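Trainee: To start, I am sharing the structure in question, which I have written as structure tokens.
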Amino acid sequence: MADASSQTKPAPGGMHLMVVAACFFSLMALCVKLVGERIPAQQIVVFRAGIALVLSWWMLRRRGITPWGKHRGLLFLRGVFGFLGLSCFFWAVVHLPLAEATVLQYLNPVLTAILAGLVLGEGLRRREILSVGISLLGLLLVTRPAVLFGGGSSDLDPVASAIAVLGAAFSACAYVTVRKIGTREHPLVIVFWFPLVATPLSLPAVIPVWTWPTLREWLLILAVGAFTQIAQVAMTTGLQREPAGRATAVSYLQVVFAAIWGVLVFGEVPDLSTLVGAAMIIGSAFLLMSGGKKRPAAPPGERSTAA
């Protein structure tokens, strides 16, 4: 008979699964950029949400869990924030180089810490304040606004960059809402409410510009849903097997994968300023996750790059 320690020892492979999740999330973003060459970004959101709605409903029915939850106001708010965050991220992916769009999305851990302090009363420690400062400097190096850098400004579209940062802010709002919900709802219920809200919210903006996908685009759209589902499952399982700090840190490999796809598929080579800025943003998130008392984390099913 196995002893107690062997029964409670985490299953191996958690870190490998987090690498798999980062890779598939980056492939999702790659497919979004490819299909977004002709299909409006908001239409991709509709397809992404629709696929997630079907899969989430199936998973809830399979587990025998009631999907509607008890705290519907907060669940609806989480869905709205998730929809806005995903819409901004997809738009940014289509209009910015893949690596830069991914880097700007990863401002959300620091923004989450700020919002959690303001909304939930989670006091900001010196570590969080330092992380905010570093990430903002990194943001300036990636975007290089002309008002500060003059002739040495970045080639990035300032509107697209602003929308990418706004997407990170909405994602942070979604995470803080999940923290507010806490363990009072099953993670699958919280996951289900995102596409439940996002699908109808997307339709009004999509109907006037609806574009029928070609066979290639349908395959890319299906790949967006499939890659996201694979990444979510791998990430959730990895978070169950590894400490949250270590596991979440590995998710930043998505930036590396995004840079690789950007070079191989689109010929997008990040310049030195972007690389230094990206390192500062990622480093600030590592600083945020390291040391000290850990903050309550979102349920595993809610950890995502864009929602």
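The values are calculated or read from the model by the stated rules, or taken from the named source; none is laboratory data. All figures in this text were calculated on a predicted structure; none of them were measured in a lab. Ideal geometry is used to build each Cβ from the backbone, glycine not excepted, and the neighbour counts take in all protein chains shown.
Trainee: If we keep just the residues of the range 1-48 that are β-branched (Val, Ile, Thr) and more than 13 Å from Gln232 (Cα to Cα), which is modelled with the lowest pLDDT?
Mentor: Filtering the range 1-48 for residues β-branched (Val, Ile, Thr) gives 8, 19-20, 32, 35, 39, 44-46.
Restricting the remaining residues to those that are more than 13 Å from Gln232 (Cα to Cα) gives 8, 32, 35, 39, 44-46.
On the way: Thr8: 43, Val32: 95, Val35: 95, Ile39: 94, Ile44: 93, Val45: 92, Val46: 92.
So, considering only residues that are β-branched (Val, Ile, Thr) and more than 13 Å from Gln232 (Cα to Cα), the one modelled with the lowest pLDDT is Thr8.
Trainee: Also, quick follow-up: Contact list please: Cβ distance under 7 Å, first residue in the range 10-39 and within 16 Å of His95 (Cα to Cα), second residue of a type in the set (Ser, Thr, Tyr) and at pLDDT below 90, pairs at least six apart or on different chains.
Mentor: Here the result reads Met28/Thr228; Ala29/Thr102, each pair linking the range 10-39 to a residue that is of a type in the set (Ser, Thr, Tyr) and at pLDDT below 90.
Trainee: Out of the range 219-231, which residues are of a type in the set (S, T, N, Q) and either surrounded by fewer than 22 Cβ atoms within 10 Å (Cβ to Cβ) or without any contact (Cβ under 8 Å) to a residue 12 or more places away in the chain (or both)?
Mentor: If we filter the range 219-231 for residues that are of a type in the set (S, T, N, Q), which is where we start, we get 228-229.
Result: Gln229, single match.
Trainee: Quick check on my filter: what residues within the range 263-289 are modelled with pLDDT of 80 or more, among the polar types (S, T, N, Q) and touching a Gly at 6+ places or on another chain (Cβ under 9 Å)?
Mentor: Ser273
Trainee: Here's something else I'd like to know. Across the range 107-125, which residue is surrounded by the most Cβ atoms within 10 Å (Cβ to Cβ) among those that are in a loop (DSSP other than H, G, I, E, B) and modelled with pLDDT under 80? Before the answer, list the steps.
Mentor: The first filter runs over the range 107-125 and keeps only residues in a loop (DSSP other than H, G, I, E, B), leaving 107, 120-125.
Filter once more, so that each one left must be modelled with pLDDT under 80: 120-125.
On the way: Leu120: 13, Gly121: 7, Glu122: 18, Gly123: 8, Leu124: 14, Arg125: 15.
Within the range 107-125, the match that is surrounded by the most Cβ atoms within 10 Å (Cβ to Cβ) is Glu122.
Trainee: Separate question: Is it the case, given these coordinates, that Trp68 is surrounded by fewer than 24 Cβ atoms within 10 Å (Cβ to Cβ), over 19 Å from the mean Cα position of the chain (by Cα) and within 30 Å of Pro40 (Cβ to Cβ)? Reasoning before the result, please.
Mentor: Values: surrounded by fewer than 24 Cβ atoms within 10 Å (Cβ to Cβ): yes; over 19 Å from the mean Cα position of the chain (by Cα): yes; within 30 Å of Pro40 (Cβ to Cβ): no.
No: the conditions fail for Trp68.
Trainee: Continuing with this model, one more query. Filter the range 43-65 down to the residues that are surrounded by fewer than 19 Cβ atoms within 10 Å (Cβ to Cβ) and among the basic types (Lys, Arg), then identify the one that is nearest to Val206 (Cα to Cα).
Mentor: Arg61
Trainee: Is it the case that some residue within the range 253-260 is within 30 Å of Arg38 (Cβ to Cβ), surrounded by 14 or more Cβ atoms within 10 Å (Cβ to Cβ) and modelled with pLDDT of 90 or more? Don't jump to the end; show me each part of the working.
Mentor: Of all residues in the range 253-260, those within 30 Å of Arg38 (Cβ to Cβ) come to 253-260.
After this cut, where a residue has to be surrounded by 14 or more Cβ atoms within 10 Å (Cβ to Cβ) as well, the list is 253-260.
This time we only want the ones that are modelled with pLDDT of 90 or more, so: none.
No: the range 253-260 contains no residue that is within 30 Å of Arg38 (Cβ to Cβ), surrounded by 14 or more Cβ atoms within 10 Å (Cβ to Cβ) and modelled with pLDDT of 90 or more.
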